[in-house]
Amino acid sequence: MKRAFVFLGVVLVAATFGNAALRTSAQTPDLRMNHVQVLGTHNSYHLEPYPELLQIIKQFEPQQALTFEYSHRPLTEQLGQLGIRQVELDVFADPGPAPLFASPLGESVAKGPASVPIAGMAAPGLKVLHIQDIDYRSTCLTLVACLQEIATWSAANPRHLPILVLIEAKDDPLTLPAGIPPAAVPVPIGAAELQSIDDAIRSVFAPARLITPDNVRGSRATLEEAVLKDGWPSLDQARGRVLFALDNQDATRDAYIAGHASLQGRVMFTSSDPGTPEAAFVKLNDPVADLALIKSLVSSGYLVRTRADADTVEARTGATARREAAFASGAQFVSTDYPEPDARLGAGYSVVLPGGKEGRCNPVLSIAACTATTFDPPPAPTPTVTPTPTPTSPATATPTATATSPAPATPSATASPATPPPAATATATPTNPAPRPPSTGDGHAATGSGSSLPLVGVVVLGAAFAIASLSAGRRH
């Protein structure tokens, strides 16, 4: 049923939100975080395979190879330059002692045996990539490195709209024919691996920097009841914070929920069916087929993520029906592979949030408190000029006109972020100031005929990819 945002009475619900109390009521006209629509990216870490490797893949699976031909800027640039407020990370467990993903078959074939192991992939820990051995290139190689990059940017921009990090836990194997060197065999995702994801998130983000199911549920019996009756945090309270959601909608999701009724104690929300205790966030990737359903869910109070494009189809054809449906659906998070156009494809397709700001008033669930100025950037600080030293001042006096900026504004007292986490290490964030990462990456130029590639490489990667196209899960 559509929620009415009119003042019918004051209902105060005490809920734990970080280290402070959060007061919420579905009946008050507060501007909430679900009243906003923002832009996200799909497989936000992704760099397309080297040209040499794509050439091999295209010989065996030309249509599937096309779906790999997109690259994203580093996360810092997406957040800062493109205004992205939803990112997506695919995570594989790699507990050690032997590294699983440090020596991909594709890397050896495209760059030679000396190119492996890949620096940064040998130590145990959760790794970020799309498909092992074939489509494995990433701007941030580990989950912790990706999260540190987000946390560092967030701490430097404490008034940003809340950022959703969507995580898919992956364990899909690649089964190769006899005689072909085995591909990396992922660790099955179970309770321990899911807990390690929660632990990695908490190792980077302090509790007061997160929006968790416990924060939102408060004293209600279930998370869904809290969302439908009390609502999400106010936008002001949510600024500067990050929330996480598990992309999986299968047995992996069920394992994450098991033993944690209504997601008690968990970091991530789950994409769960309305009517279940943990329902609060829903992933519906097709805004054309599910337009009415998305609008209904948004109107009821759920957070929804959808996709404006998929598999590079829209970027190649210039079709915009899916993009326009995604925006019109009111889904709070609209994900794309193309926040910028890819000049190679010629169609000029891209997805930019209407209004060109960090966010916009939700077209399905907006209220009067949301205005055209809600998403204006904060005013630039006024420089403070140090007086010019007098002639009698010593030579080491402060230079003339040294500007000092005031400290960043702090969110409302009920949701002040904790001390920012330590900055990411320099190796965690590849940099690339180009408008869009070039498809060639740091690889050699393609040879056209592919005659310079080892024949065994063609056979190995061709077989691997043919099997991968059937067995690898590409659920999102």
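The values are calculated or read from the model by the stated rules, or taken from the named source; none is laboratory data. What you see is a predicted model, and the numbers here were worked out from it, not measured in a lab. Cβ sites come from the backbone with ideal geometry, for glycine too, and all protein chains shown count toward neighbours. All accessible areas refer to the heavy atoms of the entire protein, side chains included, with ligands and DNA or RNA removed. Shrake-Rupley method; radii C 1.70, N 1.55, O 1.52, S 1.80 Å.
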Cα coordinate range in region 82-132, projected on the principal axes (Å, largest first): 39, 26, 17
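Which semi-axis lengths, in whole Å and largest first, follow from the square roots of five times the eigenvalues of the Cα gyration tensor of region 183-324? It would help to have the intermediate numbers written out before the result.
Working: eigenvalues 137, 95, 48 Å².
Calculated on Cα positions only, the semi-axes equal 26, 22, 16 Å.
Give, rounded to the nearest 20 debye, the magnitude of the charge dipole that region 146-243 has about its Cα centre when Lys and Arg contribute +1 at Cβ and Asp and Glu contribute -1 at Cβ.
Details: 9 positive and 12 negative charges, 87 e Å.
Its charge dipole is roughly 420 debye.
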Give me the accessible area per residue for region 27-127, probe 1.4 Å, as a whole number in Å². 29
Using only the Cα atoms of region 274-319, what do you get for the radius of gyration and for Dmax, in Å? 12.9, 41
Among LEU161, PRO173, SER196, whose Cα lies farthest out toward the positive end of the dipole of region 157-206, if unit charges sit on the beta carbon of Lys, Arg (+1) and Asp, Glu (-1)? LEU161
If you put +1 on each Lys and Arg Cβ and -1 on each Asp and Glu Cβ, how big is the dipole of region 275-358 around its Cα centre, in Debye rounded to 20? 120
Cα-based Rg of region 116-206 per 2.2 N^0.38 Å, rounded to two decimals? 1.28
Sorted by chain and number, the residues with a modelled amide H under 5 Å from that of SER138, at a separation of 5 or more or across chains, are LEU47
Distance in Å, no decimals, from the C-alpha centre of region 343-376 to the one of region 250-302 is 24
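Percent of accessible area on region 267-341 owned by carbon and sulfur, 1.4 Å probe?
Working: 1210 of 2130 Å².
Solvent-exposed carbon and sulfur of region 267-341 make up 57 percent of the total.
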Pull up the cross-link candidates among the lysines for LYS295, meaning alpha carbon to alpha carbon under 22 Å and not fewer than 8 places away within one chain. LYS2, LYS229, LYS283
For region 190-211 and region 56-107, what is the separation of their Cα centres, given in Å? 22
